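The values are calculated or read from the model by the stated rules, or taken from the named source; none is laboratory data. Source: prediction; values computed, not measured. Methodologically, a virtual Cβ is constructed for each residue, glycine included, from the backbone with ideal geometry; neighbour enumeration extends over all protein chains shown.
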Amino acid sequence: SGATAPAPAAPAPAVAAAAGDPFAAARLFVDPDGAAARAVSTLRASDPGSAQTLSRLAGQAHADWFGDPNPNTVRTQVAARAQVVRAAGALPVFVAYAIPQRDCGGGQSAGGVGDQAAYRAWIAAFAAGLGRGAAAVIVEPDALAQIDCLSSAATAARYAMLNYAVDTLAATGADIYLDAGHADWHSAAEMATRLRLAGVDRARGFALNVSNFDETADETAYGDAVVAALGGQAHYVVDTSRNGRGPAADDTWCNPPGRGLGVAPTAATGNPRVDAYLWIKVPGESDGACNGGPGAGQWWLDYALGLASRAA
């Protein structure tokens, strides 16, 4: 996806070294029972070489996504996962993904709850499940970047919902990152405007490159330009889960072949505005029923092995 080319990167104002960075001293949770770990266990006997390759993926932390439209279900799911992650002494890194007309209502990841009232109930349930304590929440991938597909009334409602999400989730003690698309989608100035309207001034900052394949250097140049356009106080995270070989030549975004795992999750970014490089997209889960893949979010062993074999 992508529309407007990014504006030239403006020099970001000097900032203190990531004051309040939730990742600075945090441990990230590596799931011992996730799909990748189970695949490694299964492959050890039949194909030890593939098991070793896939371990490059299974041995790293990734975010947990929540998008079930039922508030009771999401509260239960979030609470259970938060308990597991915190019991391991790690920081929950969660993705809230249920905005109405998600993916413009017709894309590979279409879904979400029905309306604004339902979304407020859903976010309240998510927050209740999360409980009090340290956490990082990435709010609604694509919701700001795709806002152009909405009517004016739906646009106003979306901004209201995102503001509610920021305030409700931040009240738990979590650090909030509003999704801001990627460098090849909207100009830094335009994205900064959208982030302000969504309440970024009350969040930790924003997230870039979620489920995408753009080069980390391009994303950090763009992110720094967005920070500058916001006045220099925001911070951001970059999804490096599948960008180790950069984007496909034709910029295919849905299960492009030949891609590889990117830089492993870390808070050691060398950039005081970048809180962390994270694996937000779960590498090995399909982008959708395209390029031979199963439905969005389903585990795809062959693609996972390809990513791991071409790791940065």
What single numbered condition from (1) within 18 Å of Gly306 (Cβ to Cβ); (2) buried (at least 18 other Cβ atoms within 10 Å of the Cβ); (3) modelled with pLDDT of 95 or more fails to hold for Trp253? (3)
Name the single residue that is farthest from Gly232 (Cα to Cα) among those in the stretch 260-286 being of a type in the set (D, E, K, R) and in contact with a helix residue (DSSP H, G or I) (Cβ under 9 Å, 6 or more places away or on another chain). Glu285
Being of a type in the set (Gly, Ala, Ser) and free of Cβ contacts under 8 Å to residues at least 40 places away in the same chain is the filter here; which residues of the stretch 142-178 pass it? Ser151, Ser152, Ala153, Ala156, Ala170
Could you say which residue among Ala234, Ala217 is out of contact with any Ser or Thr (no Cβ under 9 Å at 6 or more places or on another chain), surrounded by fewer than 18 Cβ atoms within 10 Å (Cβ to Cβ) and modelled with pLDDT of 95 or more? Ala217
Starting from residues that are farther than 21 Å from Ile280 by Cα and of a type in the set (Lys, Arg), keep the ones in the stretch 100-152 and report whichever is surrounded by the most Cβ atoms within 10 Å (Cβ to Cβ). Arg120
Among what's in the stretch 166-194 and is of a type in the set (S, T, N, Q) and farther than 17 Å from Phe66 by Cβ, pick the residue that is surrounded by the fewest Cβ atoms within 10 Å (Cβ to Cβ). Thr193
Residues of the stretch 177-211 that turn out to be within 17 Å of Ala160 (Cα to Cα) and among the polar types (S, T, N, Q), as a count: 1
The one condition in (1) within 21 Å of Gly67 (Cα to Cα); (2) part of a loop (DSSP other than H, G, I, E, B); (3) in contact with a Phe, Trp or Tyr (Cβ under 9 Å, 6 or more places away or on another chain) that Cys254 fails to fulfil: (3)
Within the stretch 153-193, the residues that are closer than 21 Å to Asp21 by Cβ and not in a helix (DSSP H, G or I) are Ala171, Thr172, Gly173, Ala174, Asp175, Ile176, Tyr177, Leu178, Asp179, Ala180
Quick one: what pairs do we get from the stretch 194-214, first residue assigned to a helix (DSSP H, G or I), second of a type in the set (Ser, Thr, Tyr), C-beta under 6 Å, 6+ apart or different chains? Leu197/Tyr159; Ala198/Tyr159
Number of the condition not met by Asp142 [criteria: (1) touching a helix residue (DSSP H, G or I) at 6+ places or on another chain (Cβ under 8 Å); (2) outside any loop (DSSP other than H, G, I, E, B); (3) of a type in the set (Asp, Glu)]: (2)
Scanning the stretch 265-297 for residues that are farther than 20 Å from Val227 by Cβ and surrounded by fewer than 19 Cβ atoms within 10 Å (Cβ to Cβ) gives Ala289, Cys290, Asn291, Gly292, Gly293, Pro294, Gly295, Gly297
Among the candidates Ala36, Ala80, Ala61, single out the residue that is in contact with a Leu (Cβ under 9 Å, 6 or more places away or on another chain), assigned to a helix (DSSP H, G or I) and closer than 22 Å to Gly297 by Cα. Ala36
